[in-house]
1. Would you list the helices (runs of 4 or more DSSP H) that sit entirely within the range 346-460 and hold 3 or more residues that are open to solvent by 50 Å² or more (accessible area, probe 1.4 Å)?
2. Tell me which of these GLY143 doesn't satisfy, since it passes every other one: (1) more than 18 Å from the chain's Cα centre (by Cα); (2) touching a residue at least 24 places away in the same chain (Cβ under 8 Å).
3. Take the conditions free of Cβ contacts under 8 Å to residues at least 24 places away in the same chain, in a helix (DSSP H, G or I) and surrounded by fewer than 24 Cβ atoms within 10 Å (Cβ to Cβ) and apply them to ALA339. Does it pass?
4. Any idea which of VAL217, VAL184 is in a helix (DSSP H, G or I) and either modelled with pLDDT of 95 or more or crowded, with 24+ Cβ neighbours inside 10 Å (or both)?
5. Find all pairs meeting these conditions: Cβ atoms under 7 angstrom apart; at least six residues apart or on different chains; first residue within the range 170-183 and under 16 Å from PHE310 (Cβ atoms); second residue buried (at least 19 other Cβ atoms within 10 Å of the Cβ) and at pLDDT 85 or above.
6. Please count how many residues of the range 268-279 are part of a helix (DSSP H, G or I) and surrounded by fewer than 19 Cβ atoms within 10 Å (Cβ to Cβ).
7. Quick one: count up the residues across the range 220-266 that are assigned to a helix (DSSP H, G or I), open to solvent by 50 Å² or more (accessible area, probe 1.4 Å) and of a type in the set (Ser, Thr, Tyr).
Amino acid sequence: MAVIETQSATASPSGVVGRLRALLGGSHEASVTRRLAGTIFVIRVFSAALAYVSQILLARWMGGSDYGVYVYVWTWVLLLGSMMDFGISASAQKIIPEYRTRGEHALLRGFLSGSRWITFAVSSIVSLLLAGAVKGLSPWIDGNAIVPLYIGCLTLPAFVVANTQDGIARSHDWMQLGLMPQFVVRQALIVGFTAGAFVLGFNLGATAAMLASAAAVWIAMIGQMVVLNRRLGGHVEPGPKAYDFRGWLAVSLPILMVEGFYLLLSYTDVLMLQQFRSSEEVGVYFAVVKTLALVSFIHYAMAATTAHRFAEYHAQGDKPRLSAYVAHAIQWTFWPSLAATILLLALGKPLLWLFGPQFVVGYDIMFIAAVGLLVRAAIGPVERLLNMLGHQHICALAYALAFVMNVVLCVILVPRFGGHGAAAATSISLAFETVLLFGIVRRRLGLHVLAFGKRAPNEQ
């Protein structure tokens, strides 16, 4: 069986021309991966442009204080919504390929429907409990944030089901169906709803912006469900369904720990900044994060494309193919990330100015935040590799340690240095996480997972 990216797995190309040849060459699987990753990247970039436009408009229409409240609440929605699916959206990329490989069609059919029902039911219950917590804590919550927080609770069930459907679609290589509703349709609806409210003369505060966002999430999720069900009906033969809830959770919960600590690590800086600094400063920092999002999209694109193939090659016992595929994924994560970082830093000031002249003060923060993103990109999507190969627990521990470090550093640095301190805390924590993951993969799987450097002979 052909080995992916044989050249890149066996030798380090010398010079720019050699590296370009290694990146652009490869087998059929490598070409498919680049095409699918390219599709995901284009969707994410287009959605980022829509999100960027919406954030610029909201920042200008709402004012610094209301915009800061909206960013704070929406960050909670993103964080909690991404964790309340038990990790099933990620584990789908392991469970579905394994069921297909073993021919367990009844379990496959059961997972395709049961996974969505269980995530919807539990997320609805948790959302009600969170709404009760908001009511109980209302004396200690900023009065302007209470109603937006209630709306955020209403948004969560649809957000969670959309994530689950995304994982199912990606496991079938239906990247557009998985990502378009969440990242394009939803953003377009938010822009349309908020623009309509502004044109009609409504007061576009944090509450109105959250209502628009909630409506967009629900509409996009329902549309995605209709299309996904129709496509699954033509792809999976009808028949009896079997439900292995215990087995699904046994796979998913450790992955949830990984995803949860990763998300906590991603959002800690914004949430901690809200606790120690003004809403205006939170808005500036959020604008910086949005501007650098292009770098993260490259990592996300490769992770979303490769995860279920890691599981498939592992289930087939094809270690040489898996090793070469991992090397290919790392190369196509780091070098495009480096190019994107250089471009964004060069254009940073005019991009931040689009949010408003006052946002340009965050330009220095971009350089600090970019360091952590580049260090993480140097090892590619190895967290997905560990998850798909059954090393979720040690991966979760690495993320937990990095998260704790981020919280401690934020508490130390944010009160004194504000956004600069938040960016430094996150970059240091990402670097620490990268070192841990590199060591884990090297020791447990015997793989060299840096975008540069020589590989051991047994990896070639």
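The values are calculated or read from the model by the stated rules, or taken from the named source; none is laboratory data. These figures come from a predicted structure and were not determined experimentally. Positions of Cβ are generated from backbone atoms using ideal geometry, with glycine treated the same way; all protein chains shown enter the neighbour counts. Ligands, DNA and RNA are stripped out before the accessible areas are found, and what is left, the full protein with its side chains, is counted by its heavy atoms. Shrake-Rupley method; radii C 1.70, N 1.55, O 1.52, S 1.80 Å.
1. 348-353, 363-377, 392-417, 419-444
2. Of the numbered conditions (1) more than 18 Å from the chain's Cα centre (by Cα); (2) touching a residue at least 24 places away in the same chain (Cβ under 8 Å), the odd one out for GLY143 is (2).
3. Yes: the conditions hold for ALA339.
4. The unique qualifying residue is VAL217.
5. Taking only residues 6 or more apart or on different chains, the pairs are ARG170/GLY178; SER171/ALA92; SER171/ILE96; SER171/PRO97.
6. Number satisfying all stated conditions: 3.
7. 1
For every residue, the table says whether it meets (1) part of a loop (DSSP other than H, G, I, E, B); (2) touching a strand residue (DSSP E or B) at 6+ places or on another chain (Cβ under 7 Å); (3) closer than 30 Å to GLY247 by Cβ; (4) open to solvent by 40 Å² or more (accessible area, probe 1.4 Å).
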{"site": "GLY110", "(1), (2), (3), (4)": "no, no, yes, no"}
{"site": "ALA133", "(1), (2), (3), (4)": "no, no, no, yes"}
{"site": "PRO139", "(1), (2), (3), (4)": "no, no, no, yes"}
{"site": "PRO148", "(1), (2), (3), (4)": "no, no, no, no"}
{"site": "LEU156", "(1), (2), (3), (4)": "no, no, yes, no"}
{"site": "PHE159", "(1), (2), (3), (4)": "no, no, yes, no"}
{"site": "ASP166", "(1), (2), (3), (4)": "no, no, yes, no"}
{"site": "PHE193", "(1), (2), (3), (4)": "no, no, no, yes"}
{"site": "ALA209", "(1), (2), (3), (4)": "no, no, no, no"}
